[in-house]
Amino acid sequence: MKNQIHELKKYYCEELAKINSLDGLKELNDSLLWKKWKLNDILKGLKDLNESDRKDIGMLANELKDFIKWENEKKEAEIEKLDFIKIENEEKIDVTLAFPNENKGHLHPISLTSKILEDIFISLWFKVEDWPQIETEEFNFDKLNIPDNHPARDVWDTFWISDEINADKKVWERYLLRTHTSPVQIRTLLKWDLPIKIIVPGRVFRYEQEDARHTSNFYQLEWLVVGKWVTFGDLKWTLDTVMKKLLWENTKLRFRPSIFPFTEPSAEIDVSCQLCNGRGCKMCSGTGWVELLGAGMVHPKVLEACNVDPEVYSGFAFWMWIDRIAAQRYWVSSSRMFYQNKLKLNEQF
């Protein structure tokens, strides 16, 4: 019986070396090994042996079973590895080859405008920052000097996240779709060392009555400069430089005094309408001017909320509507057209 076990092991090793597929391995184990050599019969015959032989033969038989199991696992892994290599060689693609495509598509006008704006600001040594579109009430309102009872909250009618999510949260922890990109300014002031120069492009949401200039979902770009001895004159020079690079050298700017809770002093900035050259159209409501920006010096309370000493540091901030900028740059009569999936519009760019 010992000779049978040794012969079985020898035969198994010889046949295993010839195997190159999982089917062949299965055939060896099922059809040849167990039926031809009847290892189970050897194991069943142990009961007819004396105690000494039963112990020795049983040990050899169990060792053989463990050996076969171990060798089977190694062979399976080897065959699978070779199969994967074969698949890789047969299906590999040279990604460096040119791929002809007649209709490659292109960037959307808003994406194009965002890219142009980023390039302009990067040339002026600004850094680009971003943050998720879901924000907390604290960063969207409270730290921007817009407390719960502030009338400005009525202006930014807000899309709140579901009651199930906000139910157990404290007031300032509640989640909402951000109404502006200003929360990123707060997070940057809390995170970075001064001075800072950043721009924040991104998508924002407000419950707006839609018209040629307003949509409930739109794109905004803000920029923030905070350092020592920053003045309103720096604000005006930066804005004038950017708008003339973005539109054209003959672009005119108009500053109007305004009130914003997060800046003081504040201004609304209009640009001469590029669609009608000042003659009046739907985009400019017949005035020849389009409101594109809000701006101002960062309010001391906002600096204090970010642990910045307003006696030492000052700063300015702008925020513009990328949709309106895109409409002015590409002579589109209504911002709503950017969201209507009109190929006739998008294929022009």
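Only the coordinates and a few stated rules stand behind these numbers; no lab work does. As the structure is a prediction and not an experimental result, all values here were calculated from the model. Cβ sites come from the backbone with ideal geometry, for glycine too, and all protein chains shown count toward neighbours.
Annotations
- Cross-link pairs 10/92; 65/92; 143/342; 10/55; 170/228; 170/191 - those with Cα-Cα distance over 32 Å: 10/92; 65/92; 143/342; 170/228
- Each of 254, 178, 279 was scored by other Cβ atoms within 10 Å of its Cβ. Arranged with the fewest first, they read 279, 254, 178.
- Sequence-distant contacts, meaning Cα pairs under 8 Å at least 6 residues apart, place the relative contact order of the chain at 15 percent.
- Farthest towards the positive end of the charge dipole of the chain, among the residues 338, 67, 328, is the Cα of 328, using unit charges on the Cβ of Lys, Arg, Asp and Glu.
- Each Lys or Arg adds one and each Asp or Glu subtracts one; over the other residues with Cβ under 12 Å from the Cβ of residue 134, this totals +1.
- Scanning the chain for long hydrophobic helices, with DSSP H runs required to stretch 15 angstrom or more by C-alpha along their axis and to average at least 0.5 on the Kyte-Doolittle scale, returns 109-123.
- Positive-end residue, the chain charge dipole about Cα centroid, Cβ charges, pick of 87, 219, 251: 251
- Looking at the range 250-349, the GluC sites (Glu not before Pro) that sit in a DSSP loop and have at most 13 other Cβ atoms within 10 Å of their own Cβ are 311, 347.
- For residue 181, nonlocal amide neighbours, meaning residues 5 or more places apart or on other chains whose placed amide H falls under 5 Å from its own, do not occur.
- For the range 109-346: rounded, prolate or oblate by the Cα gyration tensor [a/c cutoff 1.5]: oblate
- Between the range 329-346 and the range 220-285, the alpha-carbon center distance in angstrom: 23 Å
- Restricting the trypsin sites (Lys or Arg not before Pro) of the range 60-153 to loop positions (DSSP other than H, G, I, E, B) with no more than 15 neighbouring Cβ atoms within 10 Å leaves 92, 104.
- Only helices enter the 222 nm calculation for the chain: every DSSP H run of n ≥ 4 contributes -39,500 (n - 2.57), and dividing by all residues gives -12000 deg cm²/dmol, rounded to 500.
- Counting neighbouring beta carbons within 10 Å and listing from fewest to most, the residues 281, 273 come out as 281, 273.
- The magnitude of the dipole of the chain, with charges of +1 and -1 set on the Cβ of Lys/Arg and Asp/Glu and taken from the Cα centre, is near 800 debye.
- Applying a 4.7 Å Cβ-Cβ cutoff to the chain, the cysteines left without a disulfide-compatible partner are 13, 306.
- Residue order, fewest to most beta carbons within 10 Å, for 289, 125, 331, 319: 125, 331, 289, 319
- Of the GluC sites (Glu not before Pro) found in the range 63-149, those that fall in a DSSP loop while having at most 16 other beta-carbon atoms within 10 Å are 102.
- Farthest positive-ward along the chain dipole, Cα basis, beta-carbon charges - from 139, 181, 121: 121
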